[in-house]
Structures are given as C-alpha cells and as structure tokens.
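Report on one structure; see the data block that follows.
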Amino acid sequence: MITNEMKRLRTAAVGAALFTIHCSLFTPTATAQIRLNQVGMYPSQEKTAVIEGKVGAGAVKVTNRQTGKRAAKVKVLRTAVSPWSKKQRTVVDFSSLTQPGEYVITCGKHSEPFTIADGALRQVTIGTLRAFYLNRSGMAIDAKYAAAYARPLGHADTHVLIHPSAASLGRPAGTAIASPLGWYDAGDYNKYIVNSAFSVGVMLCSYEQNRAYYDALEANIPESGNHTADLLDELRYNLEWMLTMQDPYDGGVYHKLTTPNFEGFIMPRDCHQQRYVVQKSTAAALDFAAVMAQTARIFKGNKDYACLSDRAARAALAAYRWAEQNPAVHYQQNKMNAKYQPAVSTGEYGDDKLDDEWFWAATELYLLTEDHHFAELAAKYQPQRFTAPTWGMVASLGAYDWMTLCPENAIAESCRQQLLHHCDSIVGTTAVSSFQTPNGNSPRDFGWGCLSETFGTNGLSLLYAYRLTVDKRYLRGALQDAEYILGRNATGYCYVTGFGTKSPKNPHHRLSWADGIEAPLPGMLVGGPNPGQQDIADVKHYDSRQPDESYADVMQSYASNEIAINWNASLLALLGWIESEMKAK
C-alpha cells in the first residue's frame, strides 16, 4: 500500500500541468463560510453565493481583486432554512456584475475568490473529457498528453477467458479471446457493458445537440488533430472495446469483463488476476444495441473511422435479435456464482426491469433504419413519466431523441409533456432552496452518485427543456445545478478533482491512490453526499449525517468519494452543453 507520506515525496512530479486549472493563488478562509461556484461564472448569468448563517446585505461585499474597490452591489434574496438540519443560510445575489475579471466576495473575516469570464466552464469541460483518456485501459498513457500521470501499458486484455457462465457452442468455457481498449469503469479496473453503453449514449446525446461546439473542442489526446471531434475520438476508443464484447456466433453481449475479485490499490501493470468475460444478459444486449445504433448514425461518413458506422449497425441489429430471442436473461451474480466457478465478486450492474432498455434500443434502431417495426416497439414500451437518465433507467435517452429528432411523432409529444412536467416540478423549488438550485431540496436527492444522478442528469434534462421551449428558467436551472457541483453546496467542495479552491484529494480510485502522486487524476466527478454511508466500517467517521453533508474525502469512502465513467459522462454532457449555449450568447 502506498502511504500518504510516499505520495508527498512525489508531489513535485505534478509540476507539469495538464491544462489550466481555475484554482487561484488566493487562499480562502479555512472555515469556508461562503459557498459559491469556484470555477467560473459567465458575464450574462445569474450570480449568487450562499453565506452560512443569517446576515444582512451590508455585511457582504464584492470587490475587484486587483484594485480592492467595490465591484457590485449585493442583494439578499432570502434567508433559507434547511428542512432537515434547520441550518440558516443567506442567499445573496450580485448579478449586476457582468465585467469579466477576478473578484473576491467577503463577509466579515471570511473571503472567497471567483472569476467572471467568457468560456467560464471551458477548462473544466476539457478536464472532464480528458479524464476519460487518463482512465483508458489497454494502452500506455503518454507523458506528451498526461504529463506526470503517464503510465506504462496495463491490462492489454489480449488473453481474456470465456467464463463458464458465458460459454456458447462457438466459444466454450476457457476459450481465450482478445478484448482490448475501453475505459476503466470506476475506482476499479473492470469494464462493464451496461455502464459503458449509458456513458457513451449520454455523451452522444449532448454531442448531437451541440455538434459545432464539440467539433471545435480540443482536449490534447493522441487523436487530436484528425478530422474527428476529440469527444468522438474518445468515445470511439471505448466503442472498439464494446464491439469485442459481442459473441460473433449468436450476437449476444457479455455483461462485463472482470477479474473474479477487485484488485488491490495497485497500478495496472502490477495486476495479475486472470480476466474473464462473464454471462450474456438481456440488459447488456439492449443497451449495446441502442448505443451501437446511435453510433452508426452519428459516425456515418466519418473520415477517420470509415468502417465504424457499418460495423456498429450490424452489431446493433445482431444484439437486438439476440435480446428478442432471450428477453429475460438477467445478470444475477449470486445465482451465477452458485452454479459456476470461479465466483465473481465485482460490480453487478444488475437490472431486471427492462422496459426502458427496450424503449431506448427500439428508438435508436428506428432512427437508424426507419423500419416502422421498431417505432411500434418503441410505442409499446414508451415510459409513462419522465425520469432523469441513469445507467439503470435509460428511457429518457430514447425520449430525448424522439423529442428533438422526430418531434411530430405522438411518442415525441407524450415525452415532451412528461419532460416539461418534470422540469417544472424541480425548478419550482429553487425559490425556497438553501443553495439556489432546482435540485438538492429533499433528502431523497442525496445518495449513491447523487452529483451525477440528481444534479448532472437533471441539469441535462433542463437543457433539453430549454432547447424545446427557449424558456430561460430551464437554462438558468441547469446552470444552478452545475454550480452546486462546482462549489455552491453544503460542504463547500468543488466536487471535480483538480478544479476550484477546495476539491477532493483522496477519491476512491485505484490509479490516483497507487501512482505515487499526491494530487489525484484531474477532471473526475466524485459520487457526492450519501447519507446511506454504506462504507462506514471502512471510513470510520463522517463529519455529518445530514443528507447534503454526508461526504468524506478519504480513499476508503466508496459510498461518497468514488469516481465512475457514467458520472463523468453526465457532467461532460451538462457542462459542454452549457458552454455551447453560453458561447452563443
């Protein structure tokens, strides 16, 4: 185990910065009584901060950092009271300040810096994209692109075995296959189809709505400079792995590529457990079919990856046919382990309610093929209410496409009404919220991965509502959700590693812990406050049990401080779209 002291000895290695981090030399007060977006604000946006306790307007000042002169008049919007902790907080507004520059907000002895700039979230958007490159499997990570975070090849995955649960006539148990490339899924070193499909899908949705922005976004990855957007280059790297997870003999899709047990907190080159592909599942086949159909459509005519569209289209249809023939093959790890060896104890991603997967897959296949059989299937499985997208609830990914790509269809109109009802219900809570956000106003909003699955994906939903209606309430709400993630929250953390004045230093992430560098890999969104505290036996102590404060910045906290590709995907989809919208203003 690498200790914190060993990490500190190599801190100097981080000197070669990967990209500009919006982290000022200004040292904020340690008690962090002022909560605000620590990364950057746009000139034209609403600007708010939250002060712990009850204060008057005259107690809060905004000054220019260079001159020390007062820069804006501060208004008190309200004193908010948390419905669970009963803490009082003062929400203040300084939206009249529109001049780009560096500023300080002060209340008594407490001060925090902030920036106003065009492209305020550009660097954190790039950083969130680059995090996928830094978490690639199956290749050496080059210092040219990764600076101090370079590392040698690990997990080539050229000799992966067919687990007995995954055996078929064409590939009996013990057959060796190659399944290279892809991203490490989360804090561990395994690769999971269900979560990969969701992650790629949500980013493709954001790309399709903001092509011009993403096409111009450069992230300094090995593929930069070709004819393809860097985002699509990065997605292609994971898609190539996903294609290897389809059994060519029957079209079924393996649920995951995994070691029997989680590896220790060691570097990839030091991992020696045998890796397996395990059981095919209907959920994996449908998610795979959906994202491959989406890929086939979006990559059609691509100059750099000329064959990818056709390969993805064939793979999507084959996976869907397998799912139709095997409509209820659920991945249930305990049942699998009772029947097959070696037993597997890694992430399950189990899902036995599949109407949403059928809907997403049928939608994407209809958009690809224009075969009305798929439209009829989508109508059969269409949701009755809108739910923000997560890996286990993907119907909204299909709904987004109906609303924006086939808006005259009856399915699209139903989805549109559901979306707007959902978005109205959350923006309606902002006026009484403690942190000027449409989400985070109920204890139910906090739990495993809440920063993505409450704030990130609801923020994305608000952006779709804005695209459909041009109602500025929705764009403002999406920005507010992003600002919660970036620091205007109960803990005062900017929850993206490497950004802001106070960000996670010890995520539950093997690469960040084992690489000997004190600073974690940058650009990763942690899960966030989780009152379930499922890791309490390892963490020992959380600072609070309040829903929005139940967060521990320690490596052992997999319940609140792990990272995951689906969480980063939703953040990238949100931030990139916000940047695209604000750039156009």
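The values are calculated or read from the model by the stated rules, or taken from the named source; none is laboratory data. Quick caveat, the model's predicted, so the values are computed rather than measured. Reconstructed Cβ throughout: ideal geometry from the backbone, glycine too, with neighbour counts over all protein chains shown. The protein model used for the area step is the full one, side chains on, heavy atoms only, and it has no ligands, DNA or RNA in it. Shrake-Rupley method; radii C 1.70, N 1.55, O 1.52, S 1.80 Å.
Remarks
- Against the list (1) open to solvent by 10 Å² or more (accessible area, probe 1.4 Å); (2) closer than 17 Å to residue 581 by Cβ, the condition residue 425 fails is (2).
- Looking only at the range 31-51, and only at residues there that are assigned to a loop (DSSP other than H, G, I, E, B) and farther than 20 Å from residue 575 by Cα, the one that is modelled with the lowest pLDDT: 31
- Output for the range 162-185, where each listed residue is open to solvent by less than 40 Å² (accessible area, probe 1.4 Å) and in a strand (DSSP E or B): 162, 177, 183
- Flag not set for residue 405, criterion: open to solvent by 20 Å² or more (accessible area, probe 1.4 Å) and either on the phi > 0 side of the Ramachandran plot or free of Cβ contacts under 8 Å to residues at least 24 places away in the same chain (or both).
- Within the range 142-161, tally of residues that are touching a helix residue (DSSP H, G or I) at 6+ places or on another chain (Cβ under 9 Å), surrounded by 15 or more Cβ atoms within 10 Å (Cβ to Cβ) and under 24 Å from residue 277 (Cβ atoms): 4
- Entirely in the range 471-585, the helices (runs of 4 or more DSSP H) that have 1 or more residues that are over 27 Å from residue 82 (Cα atoms), open to solvent by less than 10 Å² (accessible area, probe 1.4 Å) and at pLDDT 95 or above: 510-514, 565-583
- Contacts under 6 angstrom Cβ, first residue in the range 352-363 being farther than 18 Å from residue 317 by Cβ and acidic (Asp, Glu), partner open to solvent by 10 Å² or more (accessible area, probe 1.4 Å) and part of a loop (DSSP other than H, G, I, E, B), 6 or more apart: 352/330
- Residue ranges of helices (runs of 4 or more DSSP H) in the range 288-371 with at least 1 members within 26 Å of residue 208 (Cβ to Cβ), modelled with pLDDT of 95 or more and open to solvent by 10 Å² or more (accessible area, probe 1.4 Å): 308-325, 355-369
- Listed by first and then second residue, the pairs linking a residue in the range 233-246 that is without any contact (Cβ under 8 Å) to a residue 40 or more places away in the chain to a residue that is surrounded by fewer than 24 Cβ atoms within 10 Å (Cβ to Cβ), with Cβ atoms under 6 Å apart and 6 or more places separating them unless they lie on different chains, form an empty list.
- Residue count for the range 219-228 under the criterion of being under 18 Å from residue 299 (Cβ atoms) and crowded, with 21+ Cβ neighbours inside 10 Å: the result is 1.
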